[in-house]
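Reviewing the structure listed below.
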Amino acid sequence: MAIELAHGVRLDTPVELPAGTYRLGEPGEERRVALARVLIGRWPVTNAQARRFVDATGLEAGAELAARLVAPALADHPVTGLSLHDAEAFCAWAAEELGRPVRLPSGDEWEALARGTDGRTWPWGDSFDSDRCACDESGWGWTVPVSAHPEGAGPFGSEQQAGNVWEWVADRSPEGWGVVRGGSWLDHEWGVRASRALPADPDRGTETTGFRIAFDERRDA
């Protein structure tokens, strides 16, 4: 089942992370990690997609989130304000809607998708360019549509993996917290590097945190 939404941004439009060995981690702490092939969403989940989830499941949304979900101008912006548990529930709902397994990507999968086989610093390369993302230097001051920066795409075609919103991944920190990746529109050049990860309260959604989804089997034709 296709979920066609605002501006052609579909929920079931993944890009492929090929099986291989990837160089991951912060400078000085890098490691080589072997990963299996996986399909990961081209874009973060949008407000329009999250609205369908909330309407279908009856998830209790606060007033601010509820207002964003119904605002036409924000339909193709990444959804924010959902906790890690909410993001996992979205995956379960999407699996039913799409008829295929859906989950959050692991942190290693997310980072490999952004950095590619050459271990680049940002999805587009090793030279920072604020015109390729939504970050503090860009001056947007809020989220932007998920398709706003095609020139900031990663080596496998994923978009918005630098800035715009932090993204929940499937990992847990040693203390049992959730983990977010990628930085947001509030973060500077250093903060939107593909290797950056932060622990986050899994019970709390924030206005700077969203997520994207992953599929384990081949996309249907």
Query raised in the report: Which ones in the range 178-218 are over 15 Å from the mean Cα position of the chain (by Cα) and surrounded by fewer than 19 Cβ atoms within 10 Å (Cβ to Cβ)?
Result: Leu186, His188, Glu189, Trp190, Gly191, Pro199, Asp201, Asp203, Arg204, Asp216, Glu217, Arg218
Requested in this report: Output the number of the condition that Ala134 fails; it satisfies all remaining conditions of (1) aliphatic (A, V, I, L, M); (2) closer than 21 Å to Leu39 by Cβ; (3) in contact (Cβ under 8 Å) with a residue 40 or more places away in the chain.
Outcome: (2)
Query - Single condition Val45 does not satisfy, out of (1) within 17 Å of the chain's Cα centre (by Cα); (2) on the phi > 0 side of the Ramachandran plot - result: (2)
Query raised in the report: Residues in the range 147-173 that are closer than 22 Å to Asp12 by Cβ and under 10 Å from the mean Cα position of the chain (by Cα): how many?
Result: 9
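Can you name the residue in the range 167-177 that is in contact with a helix residue (DSSP H, G or I) (Cβ under 6 Å, 6 or more places away or on another chain) and hydrophobic (A, V, I, L, M, F, W, C) and is also surrounded by the most Cβ atoms within 10 Å (Cβ to Cβ) among such residues? Don't jump to the end; show me each part of the working.
Initial filter on the range 167-177 (in contact with a helix residue (DSSP H, G or I) (Cβ under 6 Å, 6 or more places away or on another chain)): 168-169, 171.
Those left that are additionally hydrophobic (A, V, I, L, M, F, W, C): 168-169.
Numbers: Trp168: 30, Val169: 25.
By that ranking, first place goes to Trp168.
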Query raised in the report: Since Trp190 meets every condition but one in (1) part of a loop (DSSP other than H, G, I, E, B); (2) closer than 13 Å to Cys135 by Cα, which condition does it not meet?
Result: (1)
Query raised in the report: Pick from the range 53-99 the residues that are under 19 Å from the mean Cα position of the chain (by Cα) and acidic (Asp, Glu): which of them is surrounded by the most Cβ atoms within 10 Å (Cβ to Cβ)?
Result: Asp86
Query raised in the report: Taking the range 109-137 on its own, how many of its residues are buried (at least 19 other Cβ atoms within 10 Å of the Cβ) and in a helix (DSSP H, G or I)?
Result: 8
Query raised in the report: Pick from Gly210, Gly183: which is within 24 Å of Thr13 (Cα to Cα), at pLDDT 95 or above, among the small types (Gly, Ala, Ser) and not in a strand (DSSP E or B)?
Result: Gly183
Query - Unmet criterion (only one of (1) closer than 17 Å to Thr206 by Cα; (2) free of Cβ contacts under 8 Å to residues at least 24 places away in the same chain; (3) out of contact with any Leu (no Cβ under 8 Å at 6 or more places or on another chain); (4) not hydrophobic (A, V, I, L, M, F, W, C)) for Pro78 - result: (2)
Report task. Could you list all residues from the range 143-176 that are part of a loop (DSSP other than H, G, I, E, B), free of Cβ contacts under 8 Å to residues at least 60 places away in the same chain and either touching a Cys at 6+ places or on another chain (Cβ under 7 Å) or at positive phi (or both)? Result -> His149, Ala162, Gly176
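The values are calculated or read from the model by the stated rules, or taken from the named source; none is laboratory data. Every value quoted in this text rests on a predicted model; they were computed, and no experiment measured them. Here the Cβ is made from the backbone with ideal geometry for all residues, glycine too, and neighbour counts use every protein chain on show.
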